[in-house]
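First comes the structure, then the notes that go with it.
The values are calculated or read from the model by the stated rules, or taken from the named source; none is laboratory data. This one's a predicted model, so the numbers in the text were calculated from it and none came from an experiment. Here the Cβ is made from the backbone with ideal geometry for all residues, glycine too, and neighbour counts use every protein chain on show.
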Amino acid sequence: MSRADHQPQIGPVERPWREIGEYNRVCGRTVGIVLALEDSTTPLVVQFDDPDEKPVVCAPEQGGAPVPRPVQRFEGKAAVNIVLEACQKAQMTEVFVVADQKIAEAVSQAVYSTKHVNRGSDYQVLSIDKRVLLDQTRKAANFKMFDVPFGVLELARGLSNTVPAGYDNVVIVSADNVRVTADHIYEVCLDAFEHPEVEAVSSWIEKLRRPPYVFSREFLEGLEERGFTSPGTNGRDRDVPRIAVLDHVFGEEKLAANPVSKWIPEAFLSGCSMTALEAVQVAKQALAHPDETKPLDGPDKMLVDIAKDVLVSRVAYNAQDDIAWADEFARRCKLDFPLLNDQEHAGKLVYMDTAATSQRLGTALQAQRDFDEHGNANVYRGAYELSAHSTSEFGEARAKLERFIGASEDEIVFTANTTGSINLVAQAWGEWSIGEGDCIVVSVADHHSAMLPFVMLAQRKGAQVHYVPYGSDGRVDLEAYRASLEKRPKLVCIAHVGNVFGIEAPVKEMAAAAHEVGARVLVDAAQSFAHTRIDVRDLGADWVAFSAHKAYGPMGIGALWISPDAFGEMDPLGGGGGTVSHVGIGSYYLRPNVQQYEMGTPPVSQAVGWAAAIDYIESLGMDAISRHDAVLMRYLIEGLHRIDGVDIMGDHSAADGETGLVSFTLRSLVPASLATFAGKLGVAMRSGGHCALPLHASMGLIGTGRLSFGVYTTLDDIDAALVTIEACRYVYEM
Ligand code: PLP
């Protein structure tokens, strides 16, 4: 295979992918492909002239850009898939993606779904849950993803730390403006394998006058030896600086002389000997006793310096009394949570993912354990004492929960979680009440758990789902909501507090308006249950759904409150032990209360644990919890505003309605990168779509980072989170 045989030509060509792959295998050369896609507003575009993958090589015009032939265009994910297929066919051993947020995640998705990680396997598309995608991608040994929000310099620095060892060639398919064709990759492969010398590459660049570029190590070394700074140094080639940068990357001396370029995230993290929380403590010491401070260097110094800045800003915060109170409150609470005090985590972990699940309360764990160890028996109809005791504990837990939310006796069904509760409504009510052409109103910000049961119900019944939009202030668009009610929906689903914006919705007003048009109202209280007082009657809903595990209680138990009116319109879809008062041959009598929905053995010890968690919340007082949330949230928001590049979702300037949750983006960094970085510094935060993909899509985002706290969240925790985000920004922008 010679270059002459594969000169760009007009018309379809057979691409010898197999030969390239073979060459790659036999010669043992490892090739990295970098898709450097710098412009998120322009989709990645791949062009083919026909769907059978007969490519048209772009015809290089005299001295100009390639002219695309009549083509079939593939954009976005489809384009990414094609690029990756090309990589796979060429048996590229590694794929490095250097891209901004959108593209990087799209590529990672494609990498996973094309099973590129199993190179040599036949091309196949797997359907994969997006939530596990990034994790899977990170786990794949031969895949790395970087963000390059700030251009090619970062690309160069990223490469410097990851690529040099063990790579003979690095192929860079850069999509400046953004067009990467499979033929480009093909060309790139040929160049990398066949023609690493200056002339071939420079003439190729000269022809294309645009990316992609190909630089072999020998090529770059050759440039140095010959005193050649770059091909096309005639002053008119705007790409010259890029080449110089890459030259710099592979020139090890230059690299050594510029240690900053090594400070990319992985290097930073591996050089860091402390967590963010520890850095905050060291910074406190250093500020209090500057003379006694041990000198630090490298990443530790940087982290502590950032922590000092954050602490100095803390002093300037104008609500010192409130802050001191909230901090003291949280410090006391923290002692009640075993995981936060164990040897592994105390003083190191900052748990900022309470919206996903809270940490477990010691007394709740103990109550559950006591039940399991000393009180275990199945409920109902047991004549012996243990069973009577178990039945009464279970009943007491239900009664406690009912009191806690202002419900009357026997209005609460225990379920597995909020999702289970909402599905119960969709089935036990929706199945009988929704028909063809009916309308169900949800919001675009709803959690998938509150959306999908109704989307599926609507699909089964031929009904319509109407999505109410949210404003960028994080509040439901009330005007659009009222307009949606003109469709006379049968059901309206409202998130009391959304899990992306974390801002309380005006449920009472919305429920009243929905009732006026005869709709039933379901309130998803998963995020509000532990943060704000819930009075089901005051809310005016027909159903309220929530889980224990977000409120310091156990996993595996949730509840649905059912209003008497709504109960009258429901009928179970399933039956079993516990749901009936009498069964004959071919007949049955359902229990006359909500327990007709509790099929089989209920989660008794979980209910007991949950009751202990409710006792705890009541002992703290919901007013104190809300005050802690509001005070620390204001402090956190102010801190986030100080970090350059942070864009906070929603307007958090209002004094109330805060529930200790904020989502944000950091420039165009992939949220998963931020969360991974944070995790390595001991800050547990969430990233991604938070089961609210329609909301993210409506805002043109594929994900956000999210910090959420509980009663145990102290001022130091928040400072450590701020330090982490600032450090991440700094490291990625260096
Ligand atoms: N609704 C909202 C607003 C949520 O945040 C969540 C979980 O994060 C759910 C529903 C689902 O809760 P669960 O996983 O406990 O069923």
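Points worth noting:
- Each residue in the stretch 399-423 was checked for being part of a helix (DSSP H, G or I) and charged (D, E, K, R), and 3 pass.
- Matching option when the condition is more than 16 Å from the ligand (Cβ to nearest atom), acidic (Asp, Glu) and not in a helix (DSSP H, G or I), among GLU396, GLU436: GLU436
- Here VAL536 meets the list (1) aliphatic (A, V, I, L, M); (2) more than 16 Å from the ligand (Cβ to nearest atom); (3) within 24 Å of ARG706 (Cβ to Cβ) almost entirely, failing just condition (3).
- Count of the stretch 579-625 residues which are β-branched (Val, Ile, Thr), more than 30 Å from ALA330 (Cβ to Cβ) and touching a Phe, Trp or Tyr at 6+ places or on another chain (Cβ under 9 Å): 5
- Filter pass, VAL441 being at pLDDT 95 or above, within 16 Å of the ligand (Cβ to nearest atom), under 15 Å from LEU522 (Cβ atoms) and surrounded by 21 or more Cβ atoms within 10 Å (Cβ to Cβ): no
Residue-wise test of (1) surrounded by 15 or more Cβ atoms within 10 Å (Cβ to Cβ); (2) without any contact (Cβ under 8 Å) to a residue 12 or more places away in the chain; (3) more than 32 Å from the chain's Cα centre (by Cα).
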site: SER270; (1), (2), (3): no, yes, no
site: GLU278; (1), (2), (3): yes, no, no
site: ALA286; (1), (2), (3): yes, no, yes
site: PRO299; (1), (2), (3): yes, no, no
site: TYR317; (1), (2), (3): no, no, no
site: GLN320; (1), (2), (3): no, yes, yes
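- Criterion (of a type in the set (Lys, Arg) and under 17 Å from ILE412 (Cβ atoms)) met by exactly one of LYS550, LYS487, LYS508, LYS461: LYS550
- Checking each residue in the stretch 489-525 for being within 13 Å of the ligand (Cβ to nearest atom), under 20 Å from GLU569 (Cα atoms) and charged (D, E, K, R) picks out only ASP524.
- Some residue of the stretch 447-467 being surrounded by fewer than 18 Cβ atoms within 10 Å (Cβ to Cβ), among the polar types (S, T, N, Q) and in a helix (DSSP H, G or I): yes
- Scan of the stretch 444-461 for residues that are of a type in the set (D, E, K, R) and within 16 Å of the ligand (Cβ to nearest atom), ordered by number: ASP446
- In the stretch 333-340, the count of residues that are on the phi > 0 side of the Ramachandran plot and touching a Leu at 6+ places or on another chain (Cβ under 8 Å) is zero.
- Leading residue by the ranking (farthest from the ligand (Cβ to nearest atom)) among those in the stretch 400-433 that are under 15 Å from PRO572 (Cβ atoms), touching a residue at least 40 places away in the same chain (Cβ under 8 Å) and polar (S, T, N, Q): SER433
- Selected residue (criterion: farthest from the ligand (Cβ to nearest atom)) from residues of the stretch 544-566 that are more than 20 Å from ALA397 (Cβ to Cβ) and in contact (Cβ under 8 Å) with a residue 40 or more places away in the chain: PRO564
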